[in-house]
Every structure is written in structure tokens, then in C-alpha cells.
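Some notes on the structure that comes next.
Just so it is clear, none of the values below were taken in a lab; they were calculated from the coordinates. The model shown is predicted, which means the values in this text are computed figures rather than measured ones. Here the Cβ is made from the backbone with ideal geometry for all residues, glycine too, and neighbour counts use every protein chain on show.
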Amino acid sequence: MSEPLLVSGLSLLLLGTVLSLLYRSRTCRTGSLGLTCLSSCLLVVFAGEVLYGGREVLIESYSFLSPLEFNFLIDRLSAGFVLLISLVSLGVSLYSIKYVEDDKSEGRKSLHVALMNLFIFSMLLVVLSANGFSFLLFWELMSISSLFLVIYEYEKPESRKAALFYFIMTSLSTVFLFSAFIGLYSRTGSFDFRGFGLLDPKAVSGIFLALFFGFAIKAGAVPFHKWLPYAHPASPSNISALMSGVMLKVAIYGLLRFLLAVEPELWWGVLVLVFGSVSALLGVVYALKENDIKRMLAYSSIENVGLILIGIGLYLIFRVSGLAGLAGLSLAAAGFHCLNHALFKSLLFMAAGSVVHETGTRNLEEMGGLVKRMPRTALLFLIGAVSIAALPPTNGFVSELMLFQAFFSSSALAGANAPFLKVLLVISLSALALTSALAATLFVKVFGITFLAQPRTECAKQAGEVPKIMLLGQAIPAALCILTGLFSSRLFALFGFPVEVEVPDMLFVGGILTGAYLLVWLSVRNFGPSSGPRVSEETWGCGILAQHPTMEYSSAGFSEPLVLIFKKIYRTQLSSSRTFADSRECVFEHGTAEIRLMKFFDEYLYLPVAQAVDRVSMEVSRLQNGRLDTYVLYVFLAVLVLMIFTRWFA
Amino acid sequence: MISPLLTDPLFLEGAIKILFVFVLVTAALVISARNLASLLTTYTIQSLLLALIAGLLYLIEGSPVLLSIAALTFVSKVLLIPFFINIVEEKVKIRRDMKFNYLEPTSSLMVSIALVLLAYVFLSGFFALDRLFFFGAVIGLSLTLMGMLVMFSRRKVITKVLGYLTMENGVLLFGIFVTELPFIIEVLIIIDLIILVLLTTILAVGIDSTIEEYHQRLLKLKIWSGREYL
């Protein structure tokens, strides 16, 4: 029953791609996105059924040669990620119906829709792939289709730079994955993922490292994160929603697929936990100083990938230590946070896209007062912000709570490594706690600066509400953020994940909270200051005659105290110079002052590597002088070397 | 009087070995000759020698494929290709190729002696030393390498083409003595086609130039725009 659903869902996506490529009209684009919606619905039903039933199906589709086969595996893990991709795609495709029409060129709009469908299609097939060959093939298709979407506004130099950066990083990721799969093939004689379980535990560490770095680059874990803050602001908002919400999770899926099949070692867990903690903390610290709303969301994605990696790291540590219950809890937390982040980050990117669409700027300092002009978008953004800030009863709260619970129960660890692990876990726990607090601060700032107070610029004053279909696209993840939070314990029970330490019943918490909010609202309404007689008086304005938007709390002002606290991380450099008219330096003539944020990873990691590559390329390019004679000479010498090698050394 | 000799394997093997020496001499001439007309003549003679070798080998082994190779070589390389190149030589004004890259003719000859030695030592690791096909393979491999040497050490396009054709002769010789025959026939046909395409292209764009000028013409035709994108 399920396979026809899967096949028809995928076929509809392909049909949508072809349709919008063939006919460049608005009707076709809308039809194509309609097909995406329909396909997403079918795939949600399919994934739900597999998750509920817990069955496994292997589909062998096509084989080129013996190891090069298209095989697909449907189990709970892949179904979970198919569910995640389809839910986000459903919202994003509805949102895109109006959003893509913003461009002037018909051809580009159609290409946008076609590439988006292809992108979703390839992501689905990556998570369904049962062997390294089809995984890599669709992984590359996913990378290339998203690359073209990043470079969508190719006239802008920043888009070109972002695309180049993304291309280099994604290629690097593929190199790691490729070497891992070659390693798998050389040891098992097949690319099949089921071979992971057959690997010799001693020889598997190399494959783990290659896979971990490959997936960490794609997921944007620190220090491989630099492509995210470039690529997300450069691409259209619906694509940012898909890339941040879904594509990063595809990398997490790859890591999980491997880790669940092999017998892990303790240091793997420590490595993943350390990477996760650093990514989470640095992600949110960098996000705090950002004034570009989409770049800020990109940094926040790095933070959330860090949280997911923390969950995976804990899972590995507990599993190796023989604590199956805690391992299950950590894994469930990581998996649930994948879904949650996909939902609220796609919602936030879409809402931010609406704001950028209406105000024409991504700079927070130029927004303000939008709650009156875009009330529905404001509400939806608020739901996303509350979820990502992990406030109850939303889904973000549940997954972070599960992570905290796993940390708190770590006293059960025993054995020779227990003291070391306990210290590590306490450090990681404090990083997680700080991250959660800073994430809440971050979203208070973003919501406050964007939507509250007075508009700071004319553009913000002119903004209006976006069309209903765009709101509907955002309403789906928004509703799911609340519903998955409220029904989280039931969802876990329904899909058969045994979580030994119980997940709190958020429906109950939600009920209490709603009751409390209602009580506060009613009491304020009936007994609060507005219920009594009203007196209209002008307030004291500190001696300033008229209040002006420039006097509002600015984005940079809000984060200033935190920037001061974390100045060691930001490595802020202040430089100033002054010239005086007189020799006793009393009469000031001219002065300059500059605040510069040192880009630590750029200066100490990326640039040295780039410069080294550049130097080697310069040397190599000397060999390439454009003359046929020289090339023939190289071939000649290569033949001679080969002859000598095969005769005497082989 | 001749027919008993034609059935005597010892005589035939001896004849083939003598022809091998002639083939080497022609290869040396292709490396060192400056006059284009004599270069072409040398190539024609070399191809004729190859056809003869294939024919003699047919008399020893009796395989009809060898006869067809001999015929094919004679028609394509002794008649057809020299005829085409002759036409080209008549059209262009140049008569001599005096330009060399990396190696002057004398040093080229020294290198080719080393190449023959290398081919001998290389193949002695794989074959028995005293068999005929071992010598065939050595000469074939040396001829291929010497052809390649001509390709990068001479600068006129037409000489490069002759170097390429020499190389292909080497492959043919190697194929006759070592590789399984039906397969090599197909390869030969394909290589011949490539040569034909190569010749046609050069005829179309111009042959009276060095390779750099040829490249410039291609640039003018915007085949390679040479522009770099970000």
C-alpha cells in the first residue's frame, strides 16, 4: 500500500520540475507548486504509516553494474526524515506560490520553481538511499540544485561569493563522503549501507571520521560553518527555509544512519559532543551581534545543529557505557530536535522573508513597528521565536528538556572513564544552559527590534501584510510547532519510541499555562489600570520635545552588554587616531575611530588553507603553459615512468 | 625458385627481422629529416615495410586477418594518406621544417637509441627473448615512443601529423605481434578514422603554420573564448 504513495509522491515532484521548465507561465508555476503540495501530503501519509507500522522495505530499482545500483531502504529512520522534509516542503511550497512571483523575469521564476522541486526530490531520495552510490548521486544532485538556488540573484557580488563558498565547502564534504564510501566498499565489497554493521570495529574509525567531517561540513558545525551565514542571506527566503530547515538535517540523517548501524567507540561520542557544544555556543554568540535578520537566523541554525550533535554525542557516550535507556532518550531528543528545528526555522525564515519582502531590507536597524503593519506575520514569527527560545509548551522546549534530562541523569555513568566523562558532561551542560539562555535573549531582541516600537525608516512605515497564501504556508509549521509540543509524549508513544525517562505531558502543562494566561488577562482587563478612570497626560520626555524612532533601543544597543561580555570571542578591536591643531594637544582637529570584529575562523583557518591551495595551484599552473608540445612531452614522460615502474617496481 | 623460400619459416623470419631493421631506420629518418617531401617518402616506405611484414607473417601463420591488415595498411597508409598529405604539401609554401622543441635532431637520435633499449629491457620481463614476436613487440613499442618524440620535438603541424602516423604504425606493429587480432582490427579502424578527422581539421583551418598560430586562429574563431568568469 505504501510504496505507491511513495512512488506517486516522487513522480509528482518530478512532474512539477518538468512542468515549470517546459512552460514559463504563472499558471504552470502555480500548478507545479500545487503538485509539490500534493506530493508532500502523500509523503506525509506514507511516512506516518511507516513510522506507525515500524516496517522495513528494500526497493531495488535499477543497476548499472554490480556495485552501482539504485537501492532504496524505507525504515523508521528514513521515514522520520521523509516526514520532516515533506512537512516543511508543504509549508514552503504554499508560501512560494506568491513569493516566487516577485521576480521580473518569467524564465527565472520558472527556473526557481523547477530547481526547488528538484531540490526537494533529491533530498527525499538521499534519505531513502540504501547504498553509497545512490546516496552520493542524489547528494550531489541536492548540492547542485541548491547551489543554483544560492546563486539565483547572480547579479549581486555577494551572491556569487556565497555560491563560490558554498560550492567549495559542499565539494569538500563530498570528498570526505566519497572516501568513506570507498572505504566501506574496500572492506565489504559493496556500497550497501547494511555493510556498515559487518565492518571490523577496529577498522571503522577511519570511516567514521571521514563521514563525520563530511556531514559536519554540510550540517554547518563549527568550524566548518562559514558557508551558512553567506549562503542563507544570498538565497531566496523559501530556499533558505528549505536549506536551513531540511538540508542540514539530511546531513544529520547520514550521520545517524551510520552510527545506528555500527558499534561505536567512546571517543566518537566525546568528539561529537565537543563539536556540538562548541557549535551551539559559538552559533548563538555570533548570532547575537548580527543585525542582518537572515544571517542571524543562519547563525542560529549553527546553534541548533550544535544541539542536535550534543544529543547524538550523548547517545554515543551512553550507548558505549551500556546505559541503553539514557542513550534512547538522547537519541530521541536529537531526532525530535531535528524535526522541531526544521519546523520553526523554516517558519522563521519564511516570516523573515515576508518582512524582507515588505520592507526591502534585511537590516534589523531599519525595521521596527511591524506588529501593527503585519500583525499576522508578527504572530507567526512570535510562535517561531517562542519555539526556538524553548519556552513551554512548544516543541523546542520538549526537545531541549529531554537533552537536559539526559545530562542530569549522567550520574549513572560508571567505569574507568566515568570521572572524565562526568567532568566533560558538566562542561557541556553548562554550555547548553548558556546557549539556551542566549537563544532566548536573541529572539527577544529580534522580535522586539523588528516588530515592536515605532518604524525606524520609511520602508518599515510603508510595509503591509503579505498575501493570505503566504501566511497559510507559515501557519502550517507554526501550528505544528505548538501541536508537536503539546502532543509530544503521545507522539513518542504512538510511533513506538520507548523513552524510559518520561517525557512530560505538555498537554497538561499547556492547559495550566493557558489557564494562567487567561487568568492574568482577565484580571488585568477587569482590575488593571485601564479599568479605572482614564487621564490623558503627556509623559516626561527627558526634556526632549518630540519622541523620535532614532531614540529607540537599537539592535546593536540591545546586544552591547553581551558583546562586552564575549569580547574575547568576538575579538573586537578598537582603533582610533586623533590630530590636534596645537602642539600641546588641546585643540582637536581631526579624528577617526573604527570598531573591527576579527573573524577568527576566517583568519586562522580558512585563509591559511586558501592561501596554501593558491600557492600549490600557482606552482601547478606553471606546468600548464597552453602549448601542445609540452603536453605531449608530459604524456611521453608519463609513459616512460609507467614502463619503468611496471617493469621494476610493481 | 621463390615459392620454396616463401614456405620456409626460417627464411621468412629472417626476412622479417631485416625488415625490422629497415623500420627502425625509417623511424630515425622521421626524427631527423628536415625536408618535408623526404619525410613523407620515409613515412610511405615505413608503411610499406609494415604491410610487407604483415604479409610475410601471414605466410608463416596463415591467419587471413594478417592478410587483411596488410591490405588495409597498404591502401590506407601507402596510398591514401600520403596522397592527401602530398596535396597539402603542394598547396602550402613550406618545404622544410627547421624548428625544434626541447630536443635537436642529434639528441633526439640519442634518446631514441635509449628508447629502443628501454623497450627491449621492459619487454624482456614479459616475453621469451628469442622469439620473433618479442622483436616485433620491441620494434612496435620503440616506434610508438619515437613517434611521440617526433610529436613534441617538431614544431610544424604537418611534421607532428607524420609523428602521430608513425606512432600509429608502432601500435599496428605491436598489435600484429602481441595482441589478439580481431580486436586490434577494430582499434586500427578507429585510429585511422581519428587520423582522417585530424587531417581534415588541419586542412580546414590551415596547415602552413606552427601550432601557436593554429591556436591563434582557433581563438579568432571563438572556439575557445579565453575569457575568465568569476
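Below, the figures for the structure above:
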{"item": "Tally, over region A:144-156, of residues that are surrounded by fewer than 17 Cβ atoms within 10 Å (Cβ to Cβ) and among the aliphatic types (A, V, I, L, M)", "result": "1"}
{"item": "Of all residues in region B:146-162 being assigned to a helix (DSSP H, G or I) and at the interface with chain A (Cβ under 9 Å from one of its Cβ atoms), the one that is nearest to the chain's Cα centre (by Cα)", "result": "B:148"}
{"item": "Out of A:136, A:124, sole residue that is crowded, with 23+ Cβ neighbours inside 10 Å, hydrophobic (A, V, I, L, M, F, W, C) and within 22 Å of the chain's Cα centre (by Cα)", "result": "A:124"}
{"item": "When residues of region B:79-125 are limited to those that are out of contact with any strand residue (DSSP E or B) (no Cβ under 6 Å at 6 or more places or on another chain) and of a type in the set (Asp, Glu), the one farthest from the other protein chains (Cβ to nearest Cβ)", "result": "B:90"}
{"item": "Pairs with Cβ under 6 Å, 6+ apart, first in region A:637-650 and facing chain B (nearest Cβ under 10 Å), second assigned to a helix (DSSP H, G or I)", "result": "A:643/B:122; A:647/B:122"}
{"item": "Helices (runs of 4 or more DSSP H) lying entirely in region B:1-61 (those with 3 or more residues that are buried (at least 19 other Cβ atoms within 10 Å of the Cβ) and either within 18 Å of the chain's Cα centre (by Cα) or acidic (Asp, Glu) (or both))", "result": "B:9-32, B:36-61"}
{"item": "Any chance residue A:159 is touching a Phe, Trp or Tyr at 6+ places or on another chain (Cβ under 6 Å), buried (at least 17 other Cβ atoms within 10 Å of the Cβ) and of a type in the set (Ser, Thr, Tyr)", "result": "no"}
{"item": "Selected residue [surrounded by fewer than 23 Cβ atoms within 10 Å (Cβ to Cβ) and in contact with a Ser or Thr (Cβ under 8 Å, 6 or more places away or on another chain)] from A:141, A:164, A:77", "result": "A:141"}
{"item": "Region A:590-636: number of residues that are surrounded by 14 or more Cβ atoms within 10 Å (Cβ to Cβ), in a helix (DSSP H, G or I), of a type outside the set (Phe, Trp, Tyr) and within 14 Å of chain B (Cβ to nearest Cβ)", "result": "5"}
{"item": "Flag for residue B:112 being polar (S, T, N, Q), assigned to a helix (DSSP H, G or I), more than 19 Å from residue A:628 (Cβ to Cβ) and within 16 Å of the chain's Cα centre (by Cα)", "result": "yes"}
{"item": "Number of the exception - residue B:128 against (1) away from every other protein chain (no Cβ under 12 Å); (2) assigned to a helix (DSSP H, G or I); (3) not β-branched (Val, Ile, Thr)", "result": "(2)"}
{"item": "Residue within region A:150-168 that is assigned to a helix (DSSP H, G or I), more than 28 Å from residue A:465 (Cα to Cα), of a type in the set (Val, Ile, Thr) and within 14 Å of chain B (Cβ to nearest Cβ) present", "result": "yes"}
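Per-residue answers, yes or no, for (1) out of contact with any Gly (no Cβ under 7 Å at 6 or more places or on another chain); (2) crowded, with 24+ Cβ neighbours inside 10 Å; (3) in a helix (DSSP H, G or I):
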site	(1), (2), (3)
A:295	yes, no, yes
A:298	yes, yes, yes
A:301	no, yes, yes
A:309	no, yes, yes
A:317	no, yes, yes
A:322	yes, no, no
A:327	yes, no, yes
A:330	no, yes, yes
A:337	no, yes, yes
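Okay, residues lined up against (1) outside any loop (DSSP other than H, G, I, E, B); (2) in contact with a His (Cβ under 9 Å, 6 or more places away or on another chain); (3) over 16 Å from residue A:347 (Cα atoms):
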site	(1), (2), (3)
A:431	yes, no, yes
A:442	yes, no, yes
A:453	no, no, yes
A:483	yes, no, no
